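**Q** The following block contains the structure, expressed as structure tokens.
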Amino acid sequence: MTKRPRRPSFAPVFWSSISLFAVLFALLAYQLSSGNDPSLGAAAGGTASRPVLVRRIVKRRIVTTVVPNPGASSVSSGPVTTSSAPVVSSSGSAPITTSAS
Amino acid sequence: MSEHDVLFDAMGSHARLLIGDPEPGMAPPAAAAERARQFIADFDAKLSRFKPGSELCALNTDPRRRVPASELLRQAVRAGLQAAERSGGLVDPTLAEEIESAGYVGSRAGVPGAPLGAALAEAPPRRPASPNPKARWRQFEVDDEAGSIARPPGVRFDTGGAGKGLAADLVAERLRGYSRFIVDCGGDIRIGGPGALVRPYEVFVEHPLTGDRSHVLRLSSGGVATSGLNVRIWRGPDGRYAHHLLDPATGEPAWTGLIGVTALGDTAVEAETLSKAALLSGADGGREILAEHGGLLVHDSGEVERVGPLSVRPRIRLPQTAPGGAA
């Protein structure tokens, strides 16, 4: 007959959770109070503080990712045709490109 | 998921439409694309300053102070005035005379530009452009109730500063009801549709010096536009290089230290306005202008700088302690 492991009692689990939370909270509070808000990025090495522009975010609009692509092959500056007749092609056949026009 | 993809010449450049699946009751994508193509052709016919029969040319030559105007012309003039207001007068729609004096008289569609590298080598010292203190654009009034536009006779309007972006935005309004779509009017781009939120479009940014793709933007909505000196650049009869982005204060081509700017915005018109204003402002002003929506600055050297939201990278940083254990 095998013995099932005892279920841990409530109190140790509860108090260890509270302790862990308190430690993390204190760590973050210390960091914020020392002026090192992690969401604001690295401090400027002790130099004079930079002016902060406060902006109200009206609408979070866009999901944007920038992927540097230095090794990519040359892309034609957008599809250019010599005729004014529309050209219909299958989807995804050529990249969409923004360029000066 | 398939998309209808159509490409055609328009507005002295190219236009491209990608249209996804229609909601019930909507026309097939091919029919929507054809209607959009006709709309863009009509837009160009009415608003080109290079077509003597256009409504814009009629407005510019009309001796009356108040001139009846179609809804499309009123929209275009209003977009130009809003671009001027937004940019503090840097994107000035009343420089038609100056740009013609600089040598940009007819359409330059299909005309290869002068080499940008050579033009940069001979260009005058770099400095930011400034608004024209006369601010002639403030003399325009658009009256939708009366269906007219008022301005002092002789002050000409050029929709070039916001035209392609406006065309992209107006076509996008007509494509509501499709799963996702992208409207590209000569590189001024508008994206929409709920499907784009799930499956964003990839938009490549062309480098003005090399022609290579310098970045890829993954966009789920809004607009993106690029302004640059690499097209519509020419050598004038006096031997000097000139291009189409003028300093409103001097009426001369602006050499600001930037050769290209790509801007994001809520709409294509906004993106186009921000990209032009940033390029005319130079690097410092350009960073400020692009700070809210984000964008790319390309310096004379070819260096590409990410600005605003595009420069942010997620990070987690723990408190640092000084060597020796002191905090």
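The values are calculated or read from the model by the stated rules, or taken from the named source; none is laboratory data. From a predicted model like this one, the values you see are computed outputs, not experimental measurements. Here the Cβ positions follow ideal geometry from the backbone for every residue, glycine too, while neighbour counts run over all protein chains shown.
**Q** For the stretch A:53-64, check the following and say yes or no: at least one residue is assigned to a helix (DSSP H, G or I), at pLDDT below 75 and within 25 Å of B:LEU310 (Cα to Cα).
**A** Of the residues in the stretch A:53-64, the ones assigned to a helix (DSSP H, G or I) are none.
Within the stretch A:53-64 (the criterion being assigned to a helix (DSSP H, G or I), at pLDDT below 75 and within 25 Å of B:LEU310 (Cα to Cα)), the answer is no, since none of the residues qualifies.
**Q** Can you tell which of B:PRO125, B:PRO93 is surrounded by fewer than 15 Cβ atoms within 10 Å (Cβ to Cβ) and in a loop (DSSP other than H, G, I, E, B)? Before the answer, list the steps.
**A** On the way: B:PRO93 fails: surrounded by fewer than 15 Cβ atoms within 10 Å (Cβ to Cβ).
Step by step, each of B:PRO125, B:PRO93 is checked, and only B:PRO125 is surrounded by fewer than 15 Cβ atoms within 10 Å (Cβ to Cβ) and in a loop (DSSP other than H, G, I, E, B).
**Q** Another question, then. Would you mention how many residues in the stretch B:199-234 are hydrophobic (A, V, I, L, M, F, W, C), facing another protein chain (nearest Cβ under 7 Å) and not in a loop (DSSP other than H, G, I, E, B)?
**A** Qualifying residue count for the region: 8.
**Q** Based on what the data block shows, is B:TYR178 farther than 26 Å from B:ILE289 by Cα, in contact (Cβ under 8 Å) with a residue 40 or more places away in the chain and aromatic (Phe, Trp, Tyr)? Full working, then the answer.
**A** Details: farther than 26 Å from B:ILE289 by Cα: yes; in contact (Cβ under 8 Å) with a residue 40 or more places away in the chain: yes; aromatic (Phe, Trp, Tyr): yes.
It is true that B:TYR178 is farther than 26 Å from B:ILE289 by Cα, in contact (Cβ under 8 Å) with a residue 40 or more places away in the chain and aromatic (Phe, Trp, Tyr).
**Q** I've got another one for you. Regarding the stretch B:156-174, can at least one residue be identified that is over 30 Å from B:GLY222 (Cβ atoms) and modelled with pLDDT under 95?
**A** So in the stretch B:156-174, the residues over 30 Å from B:GLY222 (Cβ atoms) come out as B:156.
Filter again for modelled with pLDDT under 95, leaving B:156.
Looking for residues that are over 30 Å from B:GLY222 (Cβ atoms) and modelled with pLDDT under 95, one finds at least one in the stretch B:156-174, hence yes.
**Q** B:GLU173 fails exactly one of the following numbered conditions: (1) in a strand (DSSP E or B); (2) over 15 Å from the mean Cα position of the chain (by Cα); (3) within 18 Å of B:ALA79 (Cα to Cα); (4) not β-branched (Val, Ile, Thr). What is the number of that condition?
**A** It is condition (1) that B:GLU173 fails.
**Q** Shifting gears a bit: For the stretch B:166-212, how many residues are within 24 Å of B:HIS299 (Cβ to Cβ) and not aromatic (Phe, Trp, Tyr)? Walk me through how you get there before you give the answer.
**A** Kept after step one, since they are within 24 Å of B:HIS299 (Cβ to Cβ), are these residues of the stretch B:166-212: B:186-189, B:203-212.
Those left that are additionally not aromatic (Phe, Trp, Tyr): B:186-189, B:203, B:205-212.
Number of matching residues: 13.
**Q** Restricting the search to the stretch B:235-252, which residues are crowded, with 19+ Cβ neighbours inside 10 Å, more than 14 Å from chain A (Cβ to nearest Cβ) and outside any loop (DSSP other than H, G, I, E, B)?
**A** B:TYR241, B:ALA242, B:LEU246, B:ASP247
**Q** Next up: Would you mind stating whether B:PHE157 is of a type in the set (Phe, Trp, Tyr) and surrounded by fewer than 24 Cβ atoms within 10 Å (Cβ to Cβ)? Break it down stepwise before answering.
**A** Details: of a type in the set (Phe, Trp, Tyr): yes; surrounded by fewer than 24 Cβ atoms within 10 Å (Cβ to Cβ): no.
Criteria not met by B:PHE157.
**Q** Is there a residue being at pLDDT 95 or above and in a loop (DSSP other than H, G, I, E, B) anywhere in the stretch B:68-85?
**A** Yes, the stretch B:68-85 contains at least one residue that is at pLDDT 95 or above and in a loop (DSSP other than H, G, I, E, B).
**Q** For the stretch B:180-196, name all the residues that are more than 8 Å from every other protein chain (Cβ to nearest Cβ) and over 19 Å from B:GLU34 (Cα atoms). Steps first, please.
**A** Of all residues in the stretch B:180-196, those more than 8 Å from every other protein chain (Cβ to nearest Cβ) come to B:180-181, B:183, B:185, B:190-196.
Result: B:PRO194, B:GLY195, B:ALA196.
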